[in-house]
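Here's the structure we're looking at; comments come further down.
The values are calculated or read from the model by the stated rules, or taken from the named source; none is laboratory data. Keep in mind it's a predicted model, so treat the numbers as computed, not measured. A quick note on method: Cβ atoms are made from the backbone with ideal geometry, for glycine too, and the neighbour counts reach across all protein chains shown. Note: accessible area is taken over every heavy atom of the protein model, side chains too, but ligands, DNA and RNA are not part of it. Shrake-Rupley method; radii C 1.70, N 1.55, O 1.52, S 1.80 Å.
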2 protein chains.
Amino acid sequence: MGTTEQPQRVTMTRAARRILEAAERLFYERGIHAVGVDLIAAEAGVTKKTLYDRFGSKERIVVEYLTGRDERWRAFLARYLDDHLDAAHATPEARVLAVFDASRAWSAEYGAKGCSMVNAHAEISDPAHPAFPVITGQKQWMLALFTRLAGDFAGDVAGTDADRLGRTLMLLHEGALVAHGLRVFPDPIAHARDQAEALLRTWHST
Amino acid sequence: MGTTEQPQRVTMTRAARRILEAAERLFYERGIHAVGVDLIAAEAGVTKKTLYDRFGSKERIVVEYLTGRDERWRAFLARYLDDHLDAAHATPEARVLAVFDASRAWSAEYGAKGCSMVNAHAEISDPAHPAFPVITGQKQWMLALFTRLAGDFAGDVAGTDADRLGRTLMLLHEGALVAHGLRVFPDPIAHARDQAEALLRTWHST
DNA sequence: TCGAAAGTATACCGATCTGTATAGTGGAGA
DNA sequence: TCTCCACTATACAGATCGGTATACTTTCGA
């Protein structure tokens, strides 16, 4: 083994990008198992040889799909907060509500079928699947985010109150994504935002 | 066409029941597209001929799986409320919280991977699929249930307040099911219950 | 200029997919 | 007793699955 092996990294050529774009759209809209590699290659205008030269396996494309979407969401959120909050003077309340606003904007454009992580988890049963940590990692990251923001708001000593509030915000947000994807009622993320606002208003009296 | 056609109804023989039981378990644990009819037949200890004689198609088994699970959940809930509430004297608060308690008990036993409707929706893209109304119907039923209970609690004139509260309870509950399936944090349904309790306590001051 | 990398085109592999065909068995009711 | 009917057993059809092989072309930087 003279050369350094790097079986992990994908060389992101132009064709690879088109493949990933097609896969992201198809996986999200139709589900992972319902989409074959032949269809992905065809939609990307690429031969299967190229697809396997770049990614090596379908499983790999799935992992890349989920990590890519997660990264784009986090970048979208960071930019949204930058654009809509005065970093120095924004209140803790405003920060929390801005997350819901960002999620609403994201979902309106890219989230017609709800959360891609939840949907992927429905299709992946094996916890040893390489996509599993991506899915759970995204949820843990969101929970940590809400908990941190809740800590800024609640300002208690032990942090248990921040945990409680963070988890409640997480549930409201997660429920809103599901309700959005399933069209349970109109604009559920806006409703979640309003209820988060009311929750923060009355929080210290619980 | 002398005989009355009834292509809808499935004759529920003993073999059909075993097929459905196997399908329910496999579909829920591994996903719908990941499970083939050969596997279902094998797990049920039945030949494929019998499977197709009873159900006619895999799609039909999927519909029967979802409707069956929905019916069982509603029966479970009704029985739970009967057993844990004094029908005549239970307060509106207690009724709402009992729904969360029932959901927690159900999920502990049958809901390790979250909501089967949400998971099925992740795999079914076509709104014309016969399973679609089953999925959306279950969510609408739950929303109507929460809204009705919220109406008993809020007791306003126009019902808009009941709608608001019902939707919030729906989001909390839906989020808890997702968090439970993804193991985002321990016992999210109990947390949702506690937060619903706090929400009802402070509701009239919003 | 020349060689490596990235790409196309096409054909193929074995496995698995949903669904069907044929032939036969066992039991229960009229 | 005879006739449905639910069932087993096995084989097969045609399509699609993920993945590979062979041969050729394009692009581009050292």
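If R0 is taken as 22 Å, the Cβ-Cβ distance between residue B:49 and residue B:11 corresponds to a FRET efficiency of 0.90. Per-residue mean of foreign Cβ neighbours for A:162-174 is 6 (Cβ atoms of other chains, 10 Å radius). Treating r as the C-beta distance of residue A:105 and residue B:125 and R0 as 35 Å, the FRET efficiency rounds to 0.90. Which of B:139, B:48, B:113 ends up with the largest GNM mean-square fluctuation for chain B, with Cα atoms connected below 10 Å? Evaluated over chain B, the most mobile residue of the options is B:48. Taking the Cα centre of the range A:100-175 as origin and assigning +1 to Lys and Arg Cβ atoms and -1 to Asp and Glu Cβ atoms, the resulting dipole is close to 80 debye.
Here residue A:67 yields copy-to-copy label distances, from shortest upward, of 4.4 nm, the label point defined as 7 Å from Cα along Cα to C-beta. Among the lysines of the protein assembly as shown, pairs at least eight places apart or on separate chains and with Cα atoms under 18 Å apart come to 8.
Here the Gaussian network model covers chain A, with springs between Cα atoms less than 10 Å apart; of A:130, A:92, A:186, A:186 fluctuates the most.
Quantify how much of the Cα-Cα distance distribution of the range B:10-56 extends past 18 Å, in percent. Counting pairs separated by more than 18 Å, the tail of P(r) holds 18 percent. The same position residue A:126 in the other copies lies at 2.9 nm from this copy, comparing label points 7 Å beyond Cα toward the beta-carbon, shortest first.
Excluding ligands, DNA and RNA and using a 1.4 Å probe, chains B and A jointly bury around 3600 Å² of accessible surface, summed across both partners. Accessible area ranking (1.4 Å probe, heavy atoms, ligands and nucleic acids excluded), largest first, for A:101, A:53: A:53, A:101.
Normalised radius of gyration (Cα atoms, divided by 2.2 N^0.38 Å) for the range A:63-205: 1.06. Per residue, the convex hull spanned by the Cα atoms of the protein assembly as shown amounts to 214 cubic angstrom.
Taking all Cα-Cα distances within the range A:141-206, those exceeding 19 Å account for 33%.
With label points set 7 Å from Cα along Cα→Cβ, the inter-copy distances at residue B:79 are 5.3 nm, sorted shortest first. Expressed as a whole percentage, what fraction of the accessible surface of chain A belongs to carbon and sulfur atoms when a 1.4 Å probe is rolled over the protein heavy atoms? Summing carbon and sulfur atoms, their accessible area is 51 percent of the total for chain A.
Take every Cα pair under 8 Å whose residues are at least 6 apart in sequence, average their separation, divide by the length of chain A, and the relative contact order is 19 percent.
Using Cβ point charges alone (K and R +1, D and E -1), the dipole size of chain A about the Cα centre works out to roughly 620 debye. Which FRET efficiency value, to the nearest 0.05, is calculated for residue B:67 and residue A:148 with the Förster distance at 56 angstrom and r the Cβ-Cβ distance? Efficiency for this residue pair is about 0.85. Since only A:68, B:44, B:112 are under comparison, the one whose Cα sits farthest along the positive direction of the charge dipole of the protein assembly as shown, derived from C-beta charges on Lys, Arg, Asp and Glu, is B:44.
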